[in-house]
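*Asks:* The structure follows.
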Amino acid sequence: MPRSNPLLWPKPPAIWGYGIAVLSVTTALILTQWPALRLEAAPLSLFLLAVMFSAWFGGVAPGLLATALSTPAFYYYFLPPTHSLAAKPEEIPRFTVFVVSLLFVGLLSSTQRSATESLRRARDELEGIVQELQSANEALQTESLERKHAEEGLHEAQADLARVSRVTTMGELTASLAHEVNQPIAAALTNANTCLRWLTRDHPDLNEAREAASRIVKDATRAADIISRVRLLFKKGIPQRELVDVNEAIREMIVLLRSEVTRHNITVRTELATDLPQVTGDRVQLQQVLMNLIVNSVDAMKEVDGVRELAVKSQRTEREEVLVSVSDTGVGLPPQQADQIFNAFFTTKVQGTGMGLSISRSIVESHGGRLWAAENSPRGASFHFVLSTKIEAKE
Ligand code: ADP
């Protein structure tokens, strides 16, 4: 409702209302007495106007005051014999009609005024509420922006922490990784010597030399592959969302950790489902989870006698999820503390950081999945995680 609507102007102070009542009745009287205007025959209309205006402008009391002032004026000036205050019994009906009309119009006008007042107050309250809502909305928007920034910062910090932990774990595996790269390089060297021998004979055997050369290519490619996978794990980058072949990620991780596993006389068994759907996620982060779980399994089996077997399985669940399990025949989950292993900084190892499982769980959860641990039968521990293939993963 526009502010300029005069009906919605606020009620003036009471003194103004009474002033207006006196002024309007006086004006009405003067107009009736002004011969040039020829209004002496219409006193009722003019007094009605004065009362109506006073009641509308000031409310009930100014309306009554205008009525009270108009009544003697009408009696004195317009009821015959005019200009006299003497009793005029024959004019009683006309006088009564005059007074009742004035009271009625004054009442109507003041009622309308108070209705308008309520309307104005309601409008003002509404405007106040709208303003409050607007500022609440602005505050909410600022808060949500701040929260978004904080969440972004948290995600970045988590990604940095994950990378630091990845790099640390890989640092611990340097010897095994170097061995894994050295093997194909050593093989390539042997094959290069063989190739040279076949070529430098009196009668060079080109076929044998070609075969040795293609073995060199294969070995060099293997070494280059391992180096590029390791480099990927070291790389700093923002988390990606791409389609990941989980079986391939498992196989690659097993290749990288093979030396570490064989160093501790551990055999690896894989059972990878052939019909596994791809998942949407960050390949490097998912490989980090696998790396953490496998390295923990190796740690758990290092000291145990008897069978040392690492089993890595992948399967498709009924709910179209991908379930990955890493099981070992190690020492088993720490007794009485199994529920704490996912807590940050919880470790039972002398050199442990206690960050591996906590980071792994947050990575899996950021992919919309779950990671949990269980006892393995007859010995050791099993870690399982599911990744959703349907629902869009959380950012
Ligand atoms: P860290 O390896 O630095 O100790 P983690 O968060 O990776 O940190 O692991 C926390 C703890 O969980 C380990 O110290 C160990 O007690 C327990 N744990 C993890 N994996 C296994 C496992 N495969 N078998 C037995 N205990 C495990």
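The values are calculated or read from the model by the stated rules, or taken from the named source; none is laboratory data. Computed from a predicted structure; not experimentally measured. Backbone-built Cβ (ideal geometry, glycine too); neighbour counts: all protein chains shown. Accessible surface areas use protein heavy atoms only, side chains included; no ligands, DNA or RNA. Shrake-Rupley method; radii C 1.70, N 1.55, O 1.52, S 1.80 Å.
*Asks:* Would you check which residues across segment 255-291 are under 24 Å from residue 183 (Cα atoms), within 16 Å of the ligand (Cβ to nearest atom), open to solvent by 10 Å² or more (accessible area, probe 1.4 Å) and in a helix (DSSP H, G or I) and list them?
*Replies:* Those that are under 24 Å from residue 183 (Cα atoms), within 16 Å of the ligand (Cβ to nearest atom), open to solvent by 10 Å² or more (accessible area, probe 1.4 Å) and in a helix (DSSP H, G or I): 260, 287.
*Asks:* Within the set of pairs 6 or more residues apart or between chains, which connect a residue that is open to solvent by 60 Å² or more (accessible area, probe 1.4 Å) inside segment 68-88 to a residue that is in a loop (DSSP other than H, G, I, E, B) with Cβ atoms less than 9 Å apart?
*Replies:* Hits for this filter: 72/85; 76/82; 76/83; 76/84; 76/85; 77/40; 77/83; 81/88.
*Asks:* Give the number of residues within segment 317-339 that are of a type outside the set (Ser, Thr, Tyr), within 35 Å of the chain's Cα centre (by Cα) and at pLDDT 95 or above.
*Replies:* 4
*Asks:* While we're here: Which residue pairs have Cβ atoms closer than 7 Å, lie 6 or more positions apart in sequence or on different chains, and pair a first residue in segment 341-360 that is without any contact (Cβ under 8 Å) to a residue 40 or more places away in the chain with a second residue that is within 7 Å of the ligand (Cβ to nearest atom) and assigned to a helix (DSSP H, G or I)?
*Replies:* 341/357; 342/357; 342/358; 343/358; 344/358
*Asks:* Condition first: in contact with a Leu (Cβ under 6 Å, 6 or more places away or on another chain) and more than 9 Å from the ligand (Cβ to nearest atom). Can you find one or more residues in segment 322-345 that meet it?
*Replies:* Yes, segment 322-345 contains at least one residue that is in contact with a Leu (Cβ under 6 Å, 6 or more places away or on another chain) and more than 9 Å from the ligand (Cβ to nearest atom).
*Asks:* Of the residues 309, 321, only one is open to solvent by 40 Å² or more (accessible area, probe 1.4 Å) and of a type outside the set (A, V, I, L, M); which?
*Replies:* It is 309.
*Asks:* Within segment 348-365, restricting attention to residues that are within 8 Å of the ligand (Cβ to nearest atom) and over 27 Å from residue 249 (Cα atoms), which residue is surrounded by the fewest Cβ atoms within 10 Å (Cβ to Cβ)?
*Replies:* 351
*Asks:* Restricting to segment 168-225, name every residue that is charged (D, E, K, R) and assigned to a helix (DSSP H, G or I).
*Replies:* Once the filter is applied, which keeps residues that are charged (D, E, K, R) and assigned to a helix (DSSP H, G or I), segment 168-225 yields 172, 180, 197, 208, 210, 211, 215, 218, 219, 222, 225.
*Asks:* Kindly list, by first and then second residue, each pair from a residue in segment 323-337 that is more than 14 Å from residue 268 (Cβ to Cβ) and touching a residue at least 60 places away in the same chain (Cβ under 8 Å) to a residue that is open to solvent by 70 Å² or more (accessible area, probe 1.4 Å) and within 6 Å of the ligand (Cβ to nearest atom), limited to pairs with Cβ atoms under 9 Å and residues at least 6 apart or on different chains.
*Replies:* Filtered contacts from segment 323-337: no entries.
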